[in-house]
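Student: To start, I am sharing the structure in question, which I have written as structure tokens.
The values are calculated or read from the model by the stated rules, or taken from the named source; none is laboratory data. Just so we're clear, the structure is a prediction, and the values are computed from it rather than from any experiment. For neighbour counting, all protein chains shown are included, and Cβ atoms are generated from backbone atoms with ideal geometry for every residue, glycine included.
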Amino acid sequence: MAVAALVDLAARRNASCNLVGFPYAGGGPGLYRSWVAHLPPWVGVFAAHLAGREGRFDREPISDLPTQVAELTEAVRPLLDRPLVLYGHSLGATLAAHVAQELFPHATKPAALIVGARSAPWAVPCPQESMIRSETASDTELLRFFQDIGGVDEDVLANKELLDVLMPALRADAVLSQAPQYLGVGAVDTPVYAVFGDGDDLVPPDSVRAWERFSTGPFQARSVRGDHFFVRGNPSLITDVVLPAVVSTTRSRRTARSR
């Protein structure tokens, strides 16, 4: 049986609010497993599960952005029966924003988006433009890039067999990260929170703050301690940013608007 594109990490069927995490390039749903212990029992915790990693090695990784967004949108849609918060990190922020753009305007329950360590698509200049060109780079060049930015663990890099399995997913994610986006200014009217690491050398704070243009609703931007991958092992991200957003979303009210 095929593994779904969304993993329920907490199995909290009676949750008052659902939270979905979208991983960075090369990451899997395991990135968010530790979040369950840091969130109260009334928060359902889910993670996007892209093909080609963890339990979906039998599925070919998706490198086409509209196709990947469509798969994730359909996976997340059933969670709209209660308040919903999406958190995306780096590439995951792009994916989460596209899912929000598809689903939030039609949601009858409150919703919010949190984007971490990612430039808004209309930020000028966009740092991602200077990244290695993933479609033409060799495997060695692509791996060196991920190693340089800290996106692949050293134990993975030392395991050639594992790398051979993961390489298609890494390349697909790199292509997704550089793909033209179709996010619109004022696309949603729900709260958007933008987070950047105070030691992130890849994504300037101003390019993260540019996410303000994505919503006509409330916007907050703030820094947290850490580099580009501050999502790893950073409980303060949960307690200071994610949980307050979840609480605020759960307590708010909204009425669906039509486009």
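Student: Could you say whether any residue in the stretch 220-237 is modelled with pLDDT of 90 or more, among the hydroxyl-bearing types (S, T, Y), in contact with a strand residue (DSSP E or B) (Cβ under 7 Å, 6 or more places away or on another chain) and assigned to a helix (DSSP H, G or I)?
Tutor: So far as the stretch 220-237 goes, yes, one or more of its residues are modelled with pLDDT of 90 or more, among the hydroxyl-bearing types (S, T, Y), in contact with a strand residue (DSSP E or B) (Cβ under 7 Å, 6 or more places away or on another chain) and assigned to a helix (DSSP H, G or I).
Student: Taking the stretch 93-115, which residues are in a helix (DSSP H, G or I) and touching a Phe, Trp or Tyr at 6+ places or on another chain (Cβ under 9 Å)?
Tutor: A93, T94, L95, A96, A97, H98, V99, A100, Q101
Student: Pairs needed: first member in the stretch 116-127, at pLDDT below 85; second member anywhere, of a type in the set (V, I, T) and surrounded by fewer than 24 Cβ atoms within 10 Å (Cβ to Cβ); C-beta distance under 7 Å; at least 6 residues apart or different chains.
Tutor: P127/V203
Student: Let me ask something else about it. Starting from the stretch 160-171, keep only residues that are within 12 Å of F57 (Cα to Cα), then list their pairs with residues that are at pLDDT 75 or above and of a type in the set (D, E) whose Cβ atoms are within a distance under 7 Å, requiring at least 6 positions of separation or different chains.
Tutor: As it stands, the answer is M167/D139, since those pairs meet every condition given.
Student: I've got another one for you. Any idea which residue in the stretch 21-63 is farthest from the chain's Cα centre (by Cα), counting only those that are assigned to a loop (DSSP other than H, G, I, E, B) and of a type in the set (A, V, I, L, M, F, W, C)?
Tutor: Of everything passing the filter in the stretch 21-63, W42 is farthest from the chain's Cα centre (by Cα).
Student: (1) modelled with pLDDT of 95 or more; (2) in contact with a Pro (Cβ under 7 Å, 6 or more places away or on another chain); (3) in a loop (DSSP other than H, G, I, E, B): which one isn't true of L202, the others all being true?
Tutor: Answer for L202: the failing condition is (1).
Student: Kindly list the number of the only condition in (1) surrounded by fewer than 20 Cβ atoms within 10 Å (Cβ to Cβ); (2) closer than 18 Å to S248 by Cβ; (3) in contact with a strand residue (DSSP E or B) (Cβ under 7 Å, 6 or more places away or on another chain) that fails for L39.
Tutor: (1)
Student: On to the next question. How many of the residues in the stretch 133-146 are modelled with pLDDT of 70 or more and either among the β-branched types (V, I, T) or closer than 18 Å to E54 by Cα (or both)?
Tutor: Residues in the stretch 133-146 being modelled with pLDDT of 70 or more and either among the β-branched types (V, I, T) or closer than 18 Å to E54 by Cα (or both): 1 in total.
Student: Name the pairs: first residue in the stretch 215-239 and over 24 Å from A25 (Cβ atoms), second residue β-branched (V, I, T) and part of a loop (DSSP other than H, G, I, E, B), Cβ to Cβ under 8 Å, at least 6 apart or on different chains?
Tutor: Note: pairs meeting the criteria are S215/T190; G217/T190.
Student: Could you tell me whether the stretch 63-70 includes any residue that is closer than 26 Å to L162 by Cβ, modelled with pLDDT under 95 and surrounded by fewer than 22 Cβ atoms within 10 Å (Cβ to Cβ)?
Tutor: Scanning the stretch 63-70, I find at least one residue that is closer than 26 Å to L162 by Cβ, modelled with pLDDT under 95 and surrounded by fewer than 22 Cβ atoms within 10 Å (Cβ to Cβ), so the answer is yes.
Student: Residues that are assigned to a strand (DSSP E or B), within 19 Å of T190 (Cα to Cα), touching a Cys at 6+ places or on another chain (Cβ under 9 Å) and not polar (S, T, N, Q): does the stretch 79-92 have at least one?
Tutor: yes
Student: Scan the stretch 129-156 and report the pairs whose first residue is on the phi < 0 side of the Ramachandran plot and whose second residue is at pLDDT below 70 and assigned to a helix (DSSP H, G or I), with Cβ atoms within less than 8 Å and a gap of 6+ or a chain change.
Tutor: Pairs that qualify, where the first residue is on the phi < 0 side of the Ramachandran plot and the partner is at pLDDT below 70 and assigned to a helix (DSSP H, G or I), are L143/L157; Q147/L157.
Student: Spot the failing condition for A11; the list is (1) part of a helix (DSSP H, G or I); (2) free of Cβ contacts under 8 Å to residues at least 24 places away in the same chain, and only one is missed.
Tutor: (1)
Student: So, one more: Filter the stretch 147-180 down to residues that are surrounded by fewer than 15 Cβ atoms within 10 Å (Cβ to Cβ) and within 23 Å of T94 (Cα to Cα) and give me whichever is modelled with the lowest pLDDT.
Tutor: The selected residue is G150.
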